[in-house]
């Protein structure tokens, strides 16, 4: 699974792809008060019902452009 986050003006669009060619928009947001420069990073979370289970994620090919 590949993920990308793009910014256009004040709006951010999240997309997902299984092949890196065809992208599906997951969502778009326009947060109020966003600064011209933003900090970025990656993270993983899991909806595990608060049962104490841990999720594991590996990130590679991470690029900031």
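Restricting to the stretch 9-37, give me the number of residues that are in a loop (DSSP other than H, G, I, E, B) and surrounded by 10 or more Cβ atoms within 10 Å (Cβ to Cβ).
Start the filter on the stretch 9-37 by keeping residues that are in a loop (DSSP other than H, G, I, E, B), which leaves 9-10, 18-23, 30-37.
Adding the requirement that they be surrounded by 10 or more Cβ atoms within 10 Å (Cβ to Cβ) leaves 10, 18, 23, 30, 34.
Adding up the residues that qualify gives 5.
Which residues, counting only those in the stretch 42-61, are at pLDDT 80 or above and within 13 Å of the chain's Cα centre (by Cα)? Matches in the stretch 42-61: 42, 43, 44, 59.
The values are calculated or read from the model by the stated rules, or taken from the named source; none is laboratory data. Given the structure is predicted, the values throughout are model-derived calculations rather than measurements. For neighbour counting, all protein chains shown are included, and Cβ atoms are generated from backbone atoms with ideal geometry for every residue, glycine included.
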